[in-house]
1. Among the residues of region 141-186, write down those that are hydrophobic (A, V, I, L, M, F, W, C) and without any contact (Cβ under 8 Å) to a residue 12 or more places away in the chain.
2. From the list A94, A142, which residue is more than 21 Å from L181 (Cα to Cα) and either surrounded by 12 or more Cβ atoms within 10 Å (Cβ to Cβ) or at pLDDT below 95 (or both)?
3. What is the number of the single condition among (1) in a strand (DSSP E or B); (2) under 25 Å from A144 (Cα atoms) that R93 does not meet?
4. What are the residues in region 114-133 that are of a type in the set (S, T, N, Q) and surrounded by fewer than 10 Cβ atoms within 10 Å (Cβ to Cβ), if any?
5. Of the numbered conditions (1) surrounded by fewer than 13 Cβ atoms within 10 Å (Cβ to Cβ); (2) under 22 Å from L150 (Cα atoms); (3) of a type in the set (S, T, N, Q), N99 fails exactly one; give the number of that condition.
6. State all residues of region 128-186 that are part of a strand (DSSP E or B), over 22 Å from P55 (Cβ atoms) and acidic (D, E); if no residue qualifies, say none.
7. Taking the stated definitions as given, is L181 touching a Cys at 6+ places or on another chain (Cβ under 6 Å) and either modelled with pLDDT under 95 or of a type in the set (A, V, I, L, M, F, W, C) (or both)?
8. Considering region 71-90 alone, what residues qualify as being surrounded by 14 or more Cβ atoms within 10 Å (Cβ to Cβ) and assigned to a helix (DSSP H, G or I)?
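The values are calculated or read from the model by the stated rules, or taken from the named source; none is laboratory data. Predicted, not measured: the structure shown is a model, and the values here were computed from it. Every residue, glycine as well, gets a Cβ built from its backbone with ideal geometry; the counts of neighbours run over all protein chains shown.
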Amino acid sequence: MLSLTVGTVVVAVLVFNSTISQAQMQVTRVTDKVLPLPVQIQAANPNTPVSSLKPNHVAISVPHLQEAVRWYQEKLGFRVTKITDIPEISAQRAWLELNGFVMEIFSRPKSAHYNPPLKMIEDGMLAQGYFHIAFTVGDLDAVAAELHRLGVKFFFEPKTFKSDKRKVCFIKDNNGNPIELVQILN
């Protein structure tokens with residue numbers, strides 16, 4: 001079984017770390033050129049009700065619930081915590097968990113991909129909306145080797161981004177949904 005941890009929440013291409021108090025925000029383009037933005041990163045105001053927000057789960061819709069559940073169990077080590085029917089909307093739902101991270105998987109008759117399947121991971125940035133989920137790993141090369149052994153398909157192999165001090169790769173789940181694996185480099 002793989003050991004994946006959820007330690008970083010990735011939103012678009014910005015990574016927020018609670019140890020950052022104030023710094024100039026920068027975004028790395030695909031070309032690795034850094035452009036400064038006129039925005040300051042500031043700690044959340046702890047005196048508002050919104051400051052209590054914490055990640056809860058991510059949800060995906062798939063054509064075949066059992067196939068998706070099996071993939072996440074066998075390839076990434078998720079465990080099923082609950083499977084239910086939702087008769088009001090003719091759907092099924094499974095709750096999966098891995099190291100405290102929860103994923104909700106839905107399946108509903110006549111569901112369809114609203115974006116064409118990605119051929120290259122960069123194409124995901126051409127459509128607005130949620131793009132991928134990301135997991136932090138300790139040794140990306142070892143995880144990638146294990147995923148290859150398990151027959152997982154890759155968008156691209158582990159690649160080092162020195163400007164971000166990260167090594168990343170993108171894999172595909174059994175429905176082509178992108179999953180980023182990140183190793184933070186020292």
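1. A142, A145
2. On the way: A142 fails: more than 21 Å from L181 (Cα to Cα).
Matching residue, one of A94, A142: A94.
3. It fails just one condition, (2).
4. The first filter runs over region 114-133 and keeps only residues of a type in the set (S, T, N, Q), leaving 115, 128.
Correct list: Q128 only.
5. Result: N99 fails condition (1) only.
6. The one that is part of a strand (DSSP E or B), over 22 Å from P55 (Cβ atoms) and acidic (D, E): E157.
7. In short, yes.
8. Result: W71, Y72, Q73, E74, K75, L76.
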